[in-house]
Amino acid sequence: MRNMIKQTQLTKGGLEALETELKVLVEEKRPRLVDRLANARSQGDLAENNDYQNAKEELEFLDGRISEIQDVVKSSVIVAGNGKKDEISLGTQVTLKVGGKEHIFDIVGDWEADPVKKKISHTSPLGTALVGKKVGEKVAVEAPAGTITYEILKVN
């Protein structure tokens, strides 16, 4: 049996954002933290040196984030919709009507999801309900406040 690497689905913009974040972490933030750690280490007694302990913890966290992003970038597959202009899929933008108001959402991979920016994962409850649907259809999604019904107005 071959070793299967889990693929991470991303939009082109999502991959570019991760690559930019990785570059900033590796080329800017990590060198600054290494310098800070070296300066703190040179101040003597490490047991009572809070700056040393803080810099060490921040560097460990940063290295973990760098490793995580590198793994995602290596395993990423870029998606750009399913080719059907009228059907919702990963990589499409959809205009929905709910409660008399229109909202525009981007359907993205899990790594790109950011509800505040109206980027919803295709695996979220709303994303799952929308994928495969077309303009004019309605979907009902269970939410803590009760069932919310969305009408699909437009798919890009």
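The values are calculated or read from the model by the stated rules, or taken from the named source; none is laboratory data. All of these numbers come straight from a predicted model, not from anything done at the bench. We place every Cβ from the backbone using ideal geometry, glycine too, and count neighbours over all the protein chains shown. To get the accessible areas, we keep the full protein, side chains included, count just its heavy atoms, and leave off ligands, DNA and RNA. Shrake-Rupley method; radii C 1.70, N 1.55, O 1.52, S 1.80 Å.
Of note:
- The set of residues in region 65-85 being open to solvent by 70 Å² or more (accessible area, probe 1.4 Å) and within 18 Å of L153 (Cα to Cα) consists of K84, K85.
- On the stretch given as region 127-151, residues that are under 29 Å from L18 (Cβ atoms), open to solvent by less than 30 Å² (accessible area, probe 1.4 Å) and either within 16 Å of the chain's Cα centre (by Cα) or among the β-branched types (V, I, T) (or both) total 2.
- Taken together, T95, T123 contain a single residue that is of a type in the set (V, I, T) and in contact with a strand residue (DSSP E or B) (Cβ under 7 Å, 6 or more places away or on another chain), which is T95.
- Scanning region 102-156 for residues that are without any contact (Cβ under 8 Å) to a residue 24 or more places away in the chain and in a helix (DSSP H, G or I) returns P115, V116, K117, P125, G127, T128, A129.
- Residue check, I120 touching a helix residue (DSSP H, G or I) at 6+ places or on another chain (Cβ under 9 Å), closer than 27 Å to L15 by Cα and among the hydrophobic types (A, V, I, L, M, F, W, C): yes
- Region 86-101, subset of a type outside the set (S, T, N, Q) and in a loop (DSSP other than H, G, I, E, B), residue least open to solvent (accessible area, probe 1.4 Å): I88
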